[in-house]
Amino acid sequence: MQIKTVGVLGCGLMGSGIAQVCAASGYRTVVREVDDTALQKGLGWIKKFLDAGVTRGKVTPEARDKTLGNLSGTTTFDALEDCDLVIEAIVENLDAKRSAYAALENVVGDRTIFMSNTSSLCVTELAASTKRPDRFGGLHFFNPVPIMKLVEVIRALTTSDETYRTAFAFAQSVGKEPITAPDRPGFIVNRLLMPYLLDAIRCYENGLGTLEDLDKAMTLGCGHPMGPFTLLDFVGLDTSYYIANIMFEEFREPMYAPPPLLKRMVLAGRLGRKSGQGFYKY
Ligand code: CAA
Ligand code: NAD
């Protein structure tokens, strides 16, 4: 299926990056947020990233302007009417995603494909909540989207061959390296990453070392680009907490259980970089 117009639901950390790479790859891109404040914030991140790219000599001023020209923002669902593909990147919550799909199905055509950027929810369950389980799948981008090369393409039990092929080709067309991941909690990357990040919090709770030393251990000792606490703050502690709960619910294994400190930090509004404070202050 040919994709010309892409809709993105959510212009937060992930949605803004996804909208940016779609627009940069020549797709007419419409990104939807819940209100104008959230929309302007997300669009501001995109502009800032593109401007920084120009300053660094990584993006030409023409490419920046073309990307911004392909991109529009909205707070309505109606503006997504003409989309061939909609990528959903809203909060990691089943009910919120279900109600967004229901609103979307009132306006888009039958052929429109839905893809979720979920980190850990069951894609088959998401697909089953729509009237298009065959035209539904997972397209899991990584943060920061414009820089990270990987995309996991997830087939729900119901995803048709055509939808899967279209999603895989789409990921390539936006300059990413797709891999096929199973519809199991955490897919491939988060299945490996989350137990490590959650264990780092447990180690910190148990007094293994300071935040700085634990981060230094993994950056300088293992060559990771970010230590676990810098990465948790980067991903968002709310998102990490939701993912842990979803994975624990499915596996019932202690290594996926959200540590008490993570829960308390989320309850205190310390969500990481995006809120100005997480394990570190920004
Ligand atoms: N425009 C264009 N290019 C830019 C840019 C911009 N505004 N800003 C940076 N870049 C380019 C740089 O030029 C550089 O490219 P080269 O390697 O070709 O030189 C590259 O991006 C990296 O930039 P920096 O060197 O300035 O940045 P850095 O070294 O500080 O790295 C980072 C930043 C890439 C984020 C790195 O810290 C990193 O990889 N961190 C780990 C991120 C990670 O693990 N993400 C996955 C999270 S888990 C997830 O997403 C899944 C989930 O479901 C939770
Ligand atoms: P975020 O909190 O930064 O952004 C979510 C945005 O969605 C918010 O701005 C919110 O206002 C908006 N939103 C909520 N309901 C909406 C609706 N009905 N329509 C349009 N917008 C709506 O979260 P995020 O980190 O961008 O995560 C989004 C999704 O991507 C989640 O499913 C998450 O698991 C997944 N994900 C996150 C990361 C990460 O590193 N943060 C990586 C990969 C995947």
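The values are calculated or read from the model by the stated rules, or taken from the named source; none is laboratory data. This structure is a prediction, so every number in the text was calculated from the model and none was measured. Glycine also receives a Cβ, built like all others from the backbone with ideal geometry; neighbour counts cover every protein chain displayed. Remember, those area values only see protein heavy atoms, side chains included, never the ligands or the DNA or RNA. Shrake-Rupley method; radii C 1.70, N 1.55, O 1.52, S 1.80 Å.
Counting only Cβ charges, +1 for Lys and Arg and -1 for Asp and Glu, the dipole size of region 190-274 around its Cα centre is about 180 debye. Carbon-plus-sulfur accessible fraction, the chain (probe radius 1.4 Å, protein heavy atoms only): 54%. The Cα atoms of the chain cover 55, 45, 32 Å along the three principal axes, with the biggest extent listed first.
What the Cβ-Cβ distance of Lys41 and Asn206 gives, at R0 = 41 Å and to the nearest 0.05, is a FRET efficiency of 0.65. Bridging of Lys97 to lysines at a Cα separation below 29 Å is possible for Lys4, Lys41, Lys47, Lys48, Lys131, Lys149, Lys176, Lys263, Lys274, once same-chain residues fewer than 8 apart are set aside. Computed over neighbours whose Cβ is under 10 Å from that of Ser240, the net charge equals -3, Lys and Arg +1, Asp and Glu -1. As a ratio to 2.2 N^0.38 Å, the alpha-carbon radius of gyration for region 172-256 is 1.21. Of the residues Ala167, His140, Gly44, the one whose Cα sits farthest towards the positive end of the charge dipole of the chain is Gly44 (charges of +1 on Lys and Arg Cβ, -1 on Asp and Glu Cβ, taken about the Cα centre). Shape class of region 1-76 from the alpha-carbon gyration tensor: oblate, with a/c at 1.5 or above and b/c at least as large as a/b. Solvent-accessible surface of the chain, averaged per residue with a 1.4 angstrom probe and all protein chains in place: 47 square angstrom.
Once the Cα atoms are used to define both axes, helix 61-70 deviates from the longest principal axis of the chain by about 70 degrees.
Only Cα pairs under 8 Å and 6+ residues apart enter the sum, and on that basis the relative contact order of region 5-181 stands at 21 percent.
Rolling a 1.4 Å probe over the protein heavy atoms leaves Arg155 with an accessible area of roughly 80 Å².
Toward the positive end of the charge dipole of region 63-130, about the Cα centre and with charges on Cβ (Lys, Arg +1; Asp, Glu -1), which of Gly109, Val91, Thr76 goes farthest? Positive-most Cα among the choices belongs to Val91.
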